[in-house]
Amino acid sequence: MPRRHLHPDSDRGRSKSSFLATARAICNHKFSVITGINLLVMTVYYLTFVTSAVYVQATYETSLSVAGLSAGIMVIGCLVGRFFSGNLLSTYGCRAVLLAGLGLFACAIAASLLNASLIGLFVLRFLTGAGTGITGTATGTIIAYVVPKEHHGFGISLFSMSTALALALGPFLGITLTSLVSYATTIGFTLVLSLACLGLALSLHSLPAALHHHRPLFRLDSYVDPRVVPFACVALLICLGYGCIQAFLSTCAAERDLSAAASLYFLVYGVATILSRPVTGRLFDCRGENVLLVPVFLLTALALWLLAHAHSGAVLLLSGLILGLGFGNFQSIGQAVSLAMVTPSRFAQATTTFFILFDLGIGLGPYVFGFLVPSMGFSGMYTSLALTTLAALVVYCLVHARRVRFY
């Protein structure tokens, strides 16, 4: 267990560096390039995610559920890629794994230009997701080494803003391009972006080296870190609600005649997230996680409760704003907390562990809570998720918060 959890009075919160000096210490060339790569890769991922089902249904004349599987299989591929990345990073180093992930990502997208069978397309979507998972774990691990440890909260918040921006930019570009150009042109555009990422990665020659080689191949702790698992399970619980918002917001809004407001929901969410993350990152470095994560859980539960009872556009958008201030900050804070639990030699495994359960929660939520909609409606489902988020806060207090005092 790292010193921060054994000695909460450490000098981590007593940094006297100014905001500008801290930003200069963080935003060096490597940080900027890695953040740019993450932005482009995640933009392509979300662009492909939102356009895949429409393309499959139109091209192969499948049912909506089968078409949706083409997007869902990307999530499965991402989880698989993340699982194996931790050991690969420790064995082969950050640069090699980053290039391998980007190479797989670009090749899978390039192959999508071919007229593949439906099964072949599913395989390519899986490989695209795997490339995203490998690349995302590599970039997150590299950032953990590049950012000075005393500024992990602020640095990771700045880095994770690229993912938040991609979440808004990817679907926007996907929907826009689909209405303007052919699907082949859209794929060509994503291929150009993926090759640009590969070129940027090749320009980096001195990325952090692996600190431990030859981890046992068949030991689970070579891939994940047991110390992070309890906290990552908390991440799974809070992500259930966000997954259901992603999956069911459009349907819920259409049922309530709020589609116009729903089209702005994630834009409001993204703006709130991007504006608040630098602030929460600095607070994490100065005050610790409890000061931030307890409000994050409460705000996320409030956003879900408002969504459950939203019958006007104003209330719906207020939910998006509060969700951005709450859940929108969980990813960056959660990653920083996970890294603080381990020594630098285990950064890759800590990053893998956190994001596997983070992504699993987002993917599992719609499947588990979707069964409640026929009997309870969307109001009942989102109310249940608000209560689940409060339960996640209780679990957080039991497994983690009591070990780190408020200050």
Item to check | Where labels lie 7 Å past Cα in the beta-carbon direction, separation of L200 and N28 in nm | outcome: 1.8
Item to check | Helical contribution to [θ] at 222 nm, DSSP H n ≥ 4, -39,500 (n - 2.57), averaged over the chain, rounded to 500 | outcome: -26500 deg cm²/dmol
Next on the checklist: If I model a spin label at E61 and A391 as a point 7 Å from the Cα along the Cα→Cβ vector, what separation in nanometres do I get?
Outcome noted: 4.5
Checklist outcome for this item: Contact order relative to length for the chain, counting C-alpha pairs under 8 Å separated by 6 or more residues, stands in percent at 25
Next on the checklist: Quick check: residue separation of I119 and T343 times 0.36 nm, minus the Cα distance between them. What number comes out in nm?
Outcome noted: 76.4 nm
Checklist outcome for this item: Final fewest-first order of V41, V229 on the 10 Å Cβ neighbour count is V229, V41
Next on the checklist: Once you keep just the Cα pairs under 8 angstrom separated by 6 or more residues, what percentage relative contact order results for the stretch 219-407?
Outcome noted: 42
Next on the checklist: Using a 10 angstrom Cβ neighbour count of at most 15 plus a DSSP loop assignment to flag exposed trypsin sites (Lys or Arg not before Pro), which longest range of the chain is free of such sites?
Outcome noted: 17-218
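Only Cα pairs under 8 Å and at least 6 apart count here; give the relative contact order of the stretch 25-209 as a rounded whole percent.
40
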Checklist entry - Of A23, L249, T280, whose Cα points farthest to the positive end of the dipole of the chain (charges on the beta-carbon: +1 Lys, Arg; -1 Asp, Glu; origin at the Cα centre)? => result A23
Checklist entry - Which is farthest toward the positive dipole end of the chain among L292, H311, S52, measuring Cα position about the Cα centre, with Cβ charges +1 (Lys, Arg) and -1 (Asp, Glu)? => result L292
Checklist outcome for this item: Residue by residue through the stretch 193-207, the couplings from Karplus 6.51 cos²θ - 1.76 cosθ + 1.60 with θ = phi - 60°, in Hz, x for Gly and Pro, are 5, 5, 5, 4, 4, 4, x, 4, 5, 5, 6, 9, 10, 10, 6
Checklist entry - Separation between the T251 and C107 pseudo-spin-labels, each 7 Å from Cα along Cα→Cβ, expressed in nm? => result 3.7
Next on the checklist: What's the magnitude of the charge dipole for the chain around its Cα centre, counting Lys and Arg as +1 and Asp and Glu as -1 at the beta-carbon? Answer in Debye, nearest 20.
Outcome noted: 1240
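FYI, it's all coordinate maths here, none of it is from the lab. Just so we're clear, the structure is a prediction, and the values are computed from it rather than from any experiment. Glycine gets a Cβ as well: all are built from the backbone with ideal geometry, and neighbour counts include every protein chain shown.
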